[in-house]
Amino acid sequence: MNVQQFFDSMDYGPAPEADSAAREWLARHDNRFGHFIDGKFKPLKEGEGFDTFEPATGKILARIANGTATDVDEAVAAARAAQEPWAKLSGHGRARHLYALARMVQRHGRLLAVLEAIDNGKPVRETRDIDVPLVARHFYHHAGWAQLQDAEFAGYSPLGVVGQIIPWNFPLLMLAWKIAPALALGNTVVLKPAEYTSLTALLFAELATEAGLPAGVLNVVTGGGETGEAIVDHPGIDKIAFTGSTEVGRRIRERTAGSGKRLTLELGGKSPFIVFEDADLDAAVEGVVDAIWFNQGQVCCAGSRILVQEGIAPIFLSRLKKRMETLRVGQPLDKAIDMGAIVDPVQLARIRELVELGVKEGATLFQTEAGVPETGSFFPPTLLTDVHPAATVAREEIFGPVAVAMTFRTPDEAVMLANNSRYGLAASIWSETIGLALDIAPKLAAGVVWVNATNLFDAGVGFGGYRESGFGREGGREGAYEYLKADAWAKRKPREELPAQPEPKSSASGFGLPVLDRTAKLFIGGKQARPDGNGSRVVVGADGTVLGEVGEGNRKDIRNAVEAARKAEGWSRASTHNRAQILYYLAENLSARGPEFAARIARLTGVGSSEAEREVEAVISRLFTYGAYADKFDGAVHSPPLRGLALAINEPLGTVGVIAPDEMPLLSLVSLVAPLIAMGNRTVVVPSARYPLIATDLYQLFETSDLPAGVVNIVTGEPKALVKDLASHDDLDGLWVFGGKDLSATAERLSVGNLKRMLVDHGLQTDWLDPASGEGRLFLHHAVQVKNIWIPYGD
Ligand code: NAI
């Protein structure tokens, strides 16, 4: 090319990054890697392990160990032995280590970036400018949480040994997201990288040990799904943190059910990218490039569903296509390319299949093939237009460089289309009207919303999904809590069995007048409702006297109650002041009828009158607590390293089921329901099976306290049966189960359909009278999910 031609085309040539250091590191290990356990590599015996390939060339890169249950055992033992000394090191001691890791990442940034590009196929421009700096930032930020742990997380302790399973799309970054908070807060780790991309985790572990990280604190076991399952099942592990597909996430939820292991899941997405007609269209076009062609679209929060307002759709899509023509696909180590290789031929085949299906289902295909290498796993930037919202490609995660585009007319329609997904990870809004953007952001079912931006991440801003995109957050304060347990709850003991209930005494009164039938009905949608099955159960007092009957609720009643709760959506939008007022009003009305409730508690449970009065007093105080918190448990304004803000908003989960325990039946029930409704949730409550009359007595209280219909629905009946109906109901967003161990296990196992947010007590008994364990932030954290709205406002 001569100078004239160069100026004519303004093209630029390849700018390859040197890979010698990375290749030397591989060669130093003979291209063979055993697990990294207890501070050193285990030898990989001849004939063992599996090959890992370079996506851009298809060549074998290295041979890697395939972890067995015995390997996992060994890694867990090393992590367990290291945990106590690591936790005891003090926050400052751990802060020094995390700081050293951050510095180590920066010192070896180039090696890490190059190896990541070779192993994963992503452009080195991205690994160098995005992955590695974000990894370093994560360790710096979490060095800070370690330093401040005593001050900021008083009353919380590390969980212990954490099993972490990560995917292949951001191998190093996901490692950092997982291990930085775990280690900072005093846990030790057994990490399993994805089978396609294990190398940077192994390099990281080796470098970390050189940087002084004590042996056993970070262990890396390599392998595929079976190795992952061995980690999930290991009894010596206190928490599983997983990032990957929704399908595997579900399986992990099922396998950990009833084990008492803590669990966080960061799963798939099909995130909307909404372009309003007043958007800066050129900026939005660049936004799409970052949304779906960053990392070849293998991004869980990729803006893969472009929703564009009808009037501007033609011009926007034509500009987008023009921009696509300038995207360069090529060798990952070429610094002048925009897109590298797809991680593995299996993924490539899956992308091809889905795109073909999209075309079959009526979409119009646009691809820019120029320069796409002929060998290796490459796929061109792809746009599917004329896509129907119900088409497979509009619903399923493609996990490749494929955007689908649809149009909408009004903001309401945009919200409807955006939320028409089982996922809820992220969303991006493009509009020059701040009022419009901020009106839409809270309406989107997504854990992260970017305004006039996309794919922004920071260690200080929580990341995580709504709905089937998983639960739990990574990053920020909320991410730190995922690696801590509350001391007040850790002290809980297994629930003591209550003595068997006495046989009912006949209440027949000879020739006197018969007692009028007082079967308490269910309470659904603000009305007393006869149970669907027309059955009832007798409730006896502690002395065997029949005190009444309550309805025997069934699956249909649960469905009706969930529907009523769904209709009470207005409650989630009610002002926090309004919710507080109603909680206070409930307390006021209960206070007026205190003696009556105390007498009921005494007759039902057999406690003395002063104890019963104490319970009622505690309930009044509890309602006040949540009235107080309703407008105080609010979010945060983060200042990530950009000119702009991220607003962390505590949003309600939606409709939440509650199974209340037998002990202190009024106090425990109110302690569970009040935090939920204070935060704007609607509830479907199954009260204590033994003392349900205490709940049915509340109906009048609800009716006279301005509590809107449907906010609290009560279905009396058998918790062992009703827990199944609640857990498997796909329109219920969360479930709190306090009662026997089996109830918790059943609830967790059956909650996988829509991946409900769960709070279960595993049969441990809460001290309801003690505010440290019976009320407050411990419950409130579980009553909300944090949405982070990013608002960049300049350069
Ligand atoms: P995957 O979910 O199977 O793999 C993620 C990690 O889980 C890997 O480390 C894998 O070895 C491990 N794993 C697999 N089966 C397991 C099991 N039964 N128990 C414990 N761990 C297990 O994802 P895969 O198959 O690599 O990709 C398939 C699809 O998943 C992609 O096309 C994409 O749609 C989605 N995906 C989403 C990711 C996200 O970040 N949301 C990341 C990776 C994949």
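The values are calculated or read from the model by the stated rules, or taken from the named source; none is laboratory data. Computed from a predicted structure; not experimentally measured. Glycine gets a Cβ as well: all are built from the backbone with ideal geometry, and neighbour counts include every protein chain shown. The area values use the complete protein model at the heavy-atom level, side chains included, leaving out ligands, DNA and RNA. Shrake-Rupley method; radii C 1.70, N 1.55, O 1.52, S 1.80 Å.
Taken over the chain, the alpha-carbon convex hull comes to 164 cubic angstrom per residue. Evaluating kT/(6 pi eta Rh) at 25 °C and 0.890 mPa s, with the Kirkwood radius of the range 522-605 over Cα pairs in the Stokes-Einstein relation, gives 158 µm² s⁻¹. Converting the Cα gyration tensor eigenvalues of the range 261-370 into ellipsoid dimensions via √(5λ) gives semi-axes, longest first, of 24, 20, 16 Å. With the convex hull drawn over the C-alpha atoms of the range 327-451, the volume per residue is 136 Å³.
Of all beta bridges that DSSP places with both ends in the range 473-631, some 75 percent have antiparallel geometry. Residues of the chain were split at every exposed loop site, defined as chymotrypsin sites (Phe, Trp or Tyr not before Pro) in a DSSP loop with at most 14 other C-beta atoms within 10 angstrom, and the longest piece left, sites excluded, is 13-510. Separation of the range 126-145 and the range 325-394, taken as the distance between their Cα centroids, equals 29 angstrom. The residues of the range 330-369 expose, per residue, 46 Å² of accessible area to a 1.4 Å probe. The C-alpha radius of gyration of the range 599-669, expressed as a fraction of 2.2 N^0.38 Å, stands at 1.75.
Beta bridges from DSSP with both residues in the chain: antiparallel share about 40 percent, rounded to the nearest 5. Here the spin labels are modelled as points 7 Å beyond Cα on the Cα-Cβ line, and at residue 73 and residue 318 they lie 6.9 nm apart. For the range 383-470, taking the reciprocal of the average inverse distance between every pair of different Cα atoms yields a Kirkwood hydrodynamic radius of 14.0 Å. With Rh defined as the Kirkwood radius, the inverse of the mean 1/r over Cα pairs, the Rg/Rh of the range 22-75 is 1.01.
Close amide H contacts of residue 485 (hydrogens built in the peptide plane, cut-off under 5 Å, sequence separation of 5 or more or a different chain): 157, 159. Can you check what the net charge comes to around residue 597, using other residues whose Cβ is under 10 Å from the Cβ of residue 597 (Lys, Arg +1; Asp, Glu -1)? Every neighbour counted, the sum reads -2.
Diffusion coefficient (Stokes-Einstein, Kirkwood radius over C-alpha pairs, 10 °C, 1.306 mPa s) for the range 126-196: 123 µm²/s, rounded to a whole number.
In plain terms, the C-alpha convex hull of the range 85-206 casts an average shadow of 6.9 nm² when viewed from every direction. If you take all C-alpha pairs in the range 54-111, what percent of them are over 18 Å apart? Every Cα pair in the range 54-111 considered, those over 18 Å come to 66 percent. Among residues other than residue 684 with Cβ under 14 Å from its Cβ, the summed charge is +2 (Lys and Arg +1, Asp and Glu -1). The accessible-area ordering, largest first, of the residues 413, 563 stands as 563, 413, per a 1.4 angstrom probe. Once the convex hull of all Cα atoms in the range 648-718 is built, its volume per residue stands at 87 Å³. Note that the range 681-697 has calculated 3J(HN,Hα) couplings of 7, 9, 10, 10, 10, 9, x, 3, 6, 7, 10, x, 5, 5, 7, 5, 5 Hz, one per residue in order, obtained from phi through the Karplus relation 6.51 cos²θ - 1.76 cosθ + 1.60 (θ = phi - 60°); glycine and proline are x. Adding -39500 (n - 2.57) for every DSSP H run of four residues or longer, then dividing by how many residues the chain holds, sets the calculated 222 nm ellipticity at -12000 deg cm²/dmol. Partner lysines whose Cα lies under 20 Å from the Cα of residue 321, excluding those fewer than 8 positions away in the same chain, are not found. Nonpolar atom fraction for the chain, defined as the carbon and sulfur part of the 1.4 Å probe accessible area, stands at 52 percent.
Per-residue Karplus couplings for the range 213-221, computed as 6.51 cos²θ - 1.76 cosθ + 1.60 with θ equal to phi - 60°, are listed in order as 5, x, 4, x, 6, 10, 10, 10, 10 Hz, Gly and Pro entered as x. All other residues whose Cβ lies under 11 angstrom from that of residue 48 are scored, Lys and Arg at +1 and Asp and Glu at -1, for a net of +2. Stokes-Einstein diffusion coefficient for the range 181-236 at 37 °C in a medium of 0.692 mPa s, Rh from the Kirkwood formula over Cα pairs: what value in µm²/s? Here the translational diffusion coefficient equals 271 µm²/s. Note on residue 567: lysines with a C-alpha under 21 Å away, same-chain residues under 8 apart excluded, are 443, 521, 527, 556, 756.
Counting every C-alpha pair in the range 597-721, the share spaced more than 20 angstrom apart comes to 50%. Applying the criteria of a DSSP loop state and at most 14 other Cβ atoms within 10 Å to the trypsin sites (Lys or Arg not before Pro) of the range 632-698 yields 632, 643.
With all protein chains kept in place, the per residue accessible area of the range 6-165 amounts to 46 square angstrom at a probe of 1.4 angstrom. Solvent exposure of the range 641-718, expressed per residue, is 20 Å² of accessible area, with all protein chains present and a 1.4 angstrom probe.
Segment residue 24..residue 577, full-extension length gain: 192.7 nm, with 0.36 nm per residue of separation and the alpha-carbon distance subtracted. Excluding same-chain neighbours fewer than eight residues apart, the lysines reachable from residue 335 by a Cα-Cα span under 20 Å are 122. Need one number: the % of Cα-Cα pairs in the range 189-278 sitting beyond the 18 Å mark. The share of Cα pairs beyond 18 Å in the range 189-278 comes to 55 percent.
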